[in-house]
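The next block holds one structure in the form of structure tokens; read it before the comments.
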Amino acid sequence: MVKFANLLVEIYAPFAKVQLVSPAAIATRFPCIPSKIHKYVAYIDKLLIFPCWLILNSYRYQLIHIADHGNAVYSFFCPHARTLVTCHDLLAVRGAMGDRSVVCNASSFGPLLQRCIVSGLRHADSIIFVSNATYRDYLALTSRKLRQRCKVIPNTLNAPFTHDSSSLVLNSDESYLVPQNPYLLMVGSSLPRKNRHLALQILIHLGENSPYSLVLSGAPLTADESLFQNTNLCGKKVISIPSPSHRLLNLLYCKAHALLFPSYSEGFGWPLIEAQASGCPIIASNTTCIPEVAGLGALYSDPDDVLQFIAHIKLFEIPEQRLRIQNLGLENIKRFDFKKIASEYHSFSRL
């Protein structure tokens, strides 16, 4: 959520003096801390020292905006009336409570951690939800009547994207990474809920003679995906581009036949609006907030329906159909204009 925190700084900067704070490394500075316990010592900074800092200093600020709901517990250490939290999703909470549809498996401490997060959200004076779907999740998870200021304000792009591929010139180290043949693109992590498995199933169904390759951009290949790449007849079609530069990612969107977004659950789904801003057609699942975000600028399917995804891929081979979705996507992206979103934040935060 570092990018989102920096985005908030950009949003608030025209209206107020902004300071971005986070838990400082204090306990972990001590020498001779064994690497095996280093991450546990870091909790002293996060759960003991930083809350003390908030108690002593947060009163000096007109607004304390907690950028990530995962840190909502910090609301207990800030002035109630001046505390605002952005809630990006409640998928882990649903998963910890036994909801298997979100495909978010909880650890042994998961239920306790997620209860703390929900309690922190309840304690805050105000909450911004990035989608109506996430807001509905909160209402369903909160049994008592809400006494909070709540508003749905979608995310905006956290970096500029263009659909003019001619303006995106790559250096020699990156230019060879963009496939010359038609390819399907997936962007993001390899979490199970992202459903990258479906993309591999699509390759199998299309067959080894299909012109399409698959580019997985973001997280590196998992062990199962590497095994597929090395042993399956279609494995040579899998191209991994972990951590691309912004310019390379933008060009991958521009050149792709389609963005595949078969996720089982999302709180928002940034690749959807990145793809639309880049003029990339989208084939997405019809779950959670995805249709809400992508709007008319995408084709939808059940996240397990391989054949329907393939039918949409074939439909984008028709120039008129492809152009129609591209234009609808470019129209939809106007809803996430930075100035419009910044104005909504300014109005709601009362700065």
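The values are calculated or read from the model by the stated rules, or taken from the named source; none is laboratory data. Note that the structure is a prediction, hence the values are computed from the model and not measured. Heads up, the Cβs are rebuilt from the backbone with ideal geometry, glycines too, and the neighbour counts pull from every protein chain shown. Quick note on the areas: whole protein, heavy atoms, side chains included, nothing else; ligands and nucleic acids left out. Shrake-Rupley method; radii C 1.70, N 1.55, O 1.52, S 1.80 Å.
Checking every residue in the range 312-319 against the condition of being more than 28 Å from SER101 (Cα to Cα), open to solvent by less than 20 Å² (accessible area, probe 1.4 Å), in contact with a His (Cβ under 8 Å, 6 or more places away or on another chain) and not charged (D, E, K, R) gives at least one match. On the given criteria, is LYS339 without any contact (Cβ under 8 Å) to a residue 24 or more places away in the chain, among the charged types (D, E, K, R), open to solvent by 80 Å² or more (accessible area, probe 1.4 Å) and under 23 Å from ALA13 (Cβ atoms)? Taking the combined requirement at face value, the residue satisfies it.
Being farther than 29 Å from LYS334 by Cα and polar (S, T, N, Q) is a description that does not apply to THR86. Screening the candidates LEU184, LEU198 for the property of being within 24 Å of the chain's Cα centre (by Cα) and either in a helix (DSSP H, G or I) or within 29 Å of VAL9 (Cβ to Cβ) (or both) yields one hit, LEU198. Hey, could you check the range 64-77 for residues that are closer than 20 Å to PHE348 by Cα, crowded, with 18+ Cβ neighbours inside 10 Å and touching a residue at least 40 places away in the same chain (Cβ under 8 Å) and say which is farthest from the chain's Cα centre (by Cα)? Per the stated criteria, the residue is SER75. Please count how many residues of the range 247-277 are within 12 Å of LEU168 (Cβ to Cβ) and within 17 Å of the chain's Cα centre (by Cα). Qualifying residue count for the region: 3.
Can you name the residue in the range 224-249 that is open to solvent by 30 Å² or more (accessible area, probe 1.4 Å) and β-branched (Val, Ile, Thr) and, of all such residues, is nearest to LEU177 (Cα to Cα)?
ILE239
Name every residue in the range 191-209 that is open to solvent by less than 20 Å² (accessible area, probe 1.4 Å) and in contact with a Lys or Arg (Cβ under 8 Å, 6 or more places away or on another chain), in order of residue number. Scanning the range 191-209 gives a single hit, LEU203. Just one of the numbered conditions (1) of a type in the set (D, E, K, R); (2) assigned to a helix (DSSP H, G or I); (3) more than 22 Å from the chain's Cα centre (by Cα) is not true of ARG193: (3).
For GLU266, state whether it is surrounded by 19 or more Cβ atoms within 10 Å (Cβ to Cβ), farther than 24 Å from PRO319 by Cβ, in contact with a helix residue (DSSP H, G or I) (Cβ under 9 Å, 6 or more places away or on another chain) and charged (D, E, K, R). When the stated conditions are applied, GLU266 passes them. Given the structure, is ASN250 of a type outside the set (Lys, Arg) and under 18 Å from HIS197 (Cβ atoms)? Spelling it out, it is not the case that ASN250 is of a type outside the set (Lys, Arg) and under 18 Å from HIS197 (Cβ atoms).
Entry remark, the range 176-190: residues being out of contact with any strand residue (DSSP E or B) (no Cβ under 8 Å at 6 or more places or on another chain) and crowded, with 16+ Cβ neighbours inside 10 Å number 1 in total.
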